[in-house]
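The values are calculated or read from the model by the stated rules, or taken from the named source; none is laboratory data. For clarity, every value in this text was computed on a predicted model and none was experimentally measured. With ideal geometry, Cβ positions are generated from the backbone for all residues, glycine too; neighbour counts draw on all protein chains shown.
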Amino acid sequence: MSDFQSFDQLLTYCQERQNSIWQAALTQEVEDSGRTEEAILNGIHQLVAQMRATIESGIASDDPSMSGLSGGDAKRMMAFLQDSNCVLSPLNIRMMAYGLATLEENSRMRKIVACPTAGGSGSVPAVLIALEDEQKVSREKTVSGLITAGCIGEIVSKRMHLSGAAAGCQAEVGVASGMAAGAMVEMLGGSPQQVLHAAAISMQNLMGLVCDPVAGLVEVPCVVRNGLSGVQAAAAATMALAGVKSFIPIDEVVDAMAEIGKLMPRQLKESADGGLAQTPTARAFTNRFFQMSNKASNLY
Ligand code: SF4
């Protein structure tokens, strides 16, 4: 846990010491936790290794989830890399496949790294691991990206609740996309200001995103949202690296997101009482799913 209560404080700290964001976050973590830098970095390396393992097992598997709502799309996406109709770059395709893979593994109840939550766990690994695979970014750079993402997520979490139930999907996939955008800028050599502009741009684009999971399961629309959010984070990172700035400072973006979360009706905050969860198709599925679940539980 760092002492930074705002992005403004973080930026001032970085500018005074000529630090990058990941260096500032690491220094704070050493001071606050009493652990050595080496021990902390080892832990981060393990998280990156788990993110890669989750992606690899997700891409290799076409097992459906227990509900049957998801599974196999990550594999399909990777196969599409070779298709002549594939107009997006290999980096973009990988980011989609890797985001899908992580959420599909989550739906299969397999091991993932929550980042910042399970429902938003696809974006950051998608960007980190796709950059390793397509741009040959070093593992050290990836670790610096994950620390940067973690620092962004931590400061956001001090200003608003990171859960769909509290503030809608903007607080999960939206914040994850900001973390991923900042991580990408860091990994590609951007400045601390550019990291924060990327995060702000990415988060404002997903501001107001509702949480409306079909049958209350973290699958539809969660899996495809995670498949897309890495690409949107990369687009925001590219804007920031090109010199595009967020007119609204990132602290104010986060505060606006928190305010929107409070204004959002209960039906759109993980209750499955609104949005996609209440479409005819979703309601028919939900009825079938709970009938089957009841029958199965009556057998015991
Ligand atoms: S829709 Fe809701 S449950 Fe699904 S990822 Fe977003 S916040 Fe999480």
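Tabulated results
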quantity: Only one of S84, S70, S65, S157 that is within 16 Å of the ligand (Cβ to nearest atom), surrounded by fewer than 18 Cβ atoms within 10 Å (Cβ to Cβ) and not charged (D, E, K, R); calculated: S157
quantity: Filtered residues of the range 191-237 (kept if over 24 Å from G145 (Cα atoms) and out of contact with any strand residue (DSSP E or B) (no Cβ under 8 Å at 6 or more places or on another chain)); calculated: G208, L209, D212, P213, V214, A215, G216, L217, V218, E219, V220, P221
quantity: Qualifying residues in the range 16-49 (those that are in a helix (DSSP H, G or I) and among the polar types (S, T, N, Q)) - the one nearest to D133 (Cα to Cα); calculated: Q46
quantity: The lone exception for N85 - which of (1) modelled with pLDDT of 95 or more; (2) out of contact with any Leu (no Cβ under 6 Å at 6 or more places or on another chain) it fails; calculated: (1)
quantity: Residue that is surrounded by the fewest Cβ atoms within 10 Å (Cβ to Cβ), among those in the range 242-258 that are acidic (D, E) and touching a residue at least 12 places away in the same chain (Cβ under 8 Å); calculated: D255
quantity: Per-region count, the range 72-85, residues in contact (Cβ under 8 Å) with a residue 12 or more places away in the chain and either under 19 Å from the mean Cα position of the chain (by Cα) or at negative phi (or both); calculated: 7
quantity: Selection from the range 89-124 of residues that are within 15 Å of V224 (Cβ to Cβ) and not in a helix (DSSP H, G or I); calculated: G119, G120, S121, G122
quantity: Filtered residue count, the range 184-239, keeping only those that are without any contact (Cβ under 8 Å) to a residue 40 or more places away in the chain, crowded, with 21+ Cβ neighbours inside 10 Å and away from the ligand (no atom under 12 Å from the Cβ); calculated: 1
